[in-house]
Amino acid sequence: QRKNPFSNDSLLAAKPVHTHRGDPTYGRPPEGSQTEQRGKDAHSHVGKEVEELCLIIRSTGEVGEDGHVSVTFGQLFETYVTISNKVVGILLRARKHGLVHFEGEMLWQGKDDDVVITLL
């Protein structure tokens, strides 16, 4: 009830538990909670999908003069879509972690089929 702002219990309300910006726990679930565990599980799952995406790029792409493996978005989409329908989101996550490079902010099926994705 301490977390419930509508609680009438004055003893519980006397100890605020709200965090503020700058606090290391701000915007994070309580340690040991099921919410924290679900977040960790989701992070692990996405990490596995990023690894799988990199393996698919390596197996379907071609090695360029610079030694990096590259594939077009259209080719990757056709290959990866049978495995997951989240290919664009996983590509964005892989780019965020410095694993792949491609031009543009977002990739769209059909429009960006010729965009080259390079495995770093």
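Specify which of the listed residues (Ile83, Ile90, Ile56) is β-branched (Val, Ile, Thr) and either farther than 15 Å from Leu119 by Cα or at pLDDT 95 or above (or both). Show your work before the answer.
On the way: Ile90 fails: either farther than 15 Å from Leu119 by Cα or at pLDDT 95 or above (or both); Ile56 fails: either farther than 15 Å from Leu119 by Cα or at pLDDT 95 or above (or both).
So the residue among Ile83, Ile90, Ile56 that is β-branched (Val, Ile, Thr) and either farther than 15 Å from Leu119 by Cα or at pLDDT 95 or above (or both) is Ile83.
Close contacts from the stretch 42-58, counting a first residue that is in contact (Cβ under 8 Å) with a residue 12 or more places away in the chain and of a type in the set (A, V, I, L, M, F, W, C) and a second that is in a helix (DSSP H, G or I) and open to solvent by 70 Å² or more (accessible area, probe 1.4 Å), with Cβ to Cβ under 7 Å and a gap of 6+ residues or different chains, come to Val46/Arg93; Val50/Arg93.
What about Glu78, is it under 19 Å from Gly110 (Cβ atoms) and acidic (Asp, Glu)? Reasoning before the result, please.
Working: under 19 Å from Gly110 (Cβ atoms): yes; acidic (Asp, Glu): yes.
Yes: the conditions hold for Glu78.
Restricting the stretch 67-120 to residues that are part of a strand (DSSP E or B) and open to solvent by 70 Å² or more (accessible area, probe 1.4 Å), the residue that is farthest from His43 (Cα to Cα) is Val116.
Restricting the first member to the stretch 90-116 and to residues that are without any contact (Cβ under 8 Å) to a residue 24 or more places away in the chain, and the second to residues that are aromatic (Phe, Trp, Tyr) and in a loop (DSSP other than H, G, I, E, B), the beta-carbon pairs closer than 9 Å and six or more apart or on different chains are Arg95/Phe102.
The values are calculated or read from the model by the stated rules, or taken from the named source; none is laboratory data. Just so it is clear, the structure is predicted and the values come from calculations on it, not from any experiment. In this analysis, Cβ positions are derived from the backbone assuming ideal geometry, glycine residues included, and neighbour counts consider all displayed protein chains. These accessible areas exclude ligands, DNA and RNA; they are computed on the full protein's heavy atoms, side chains included. Shrake-Rupley method; radii C 1.70, N 1.55, O 1.52, S 1.80 Å.
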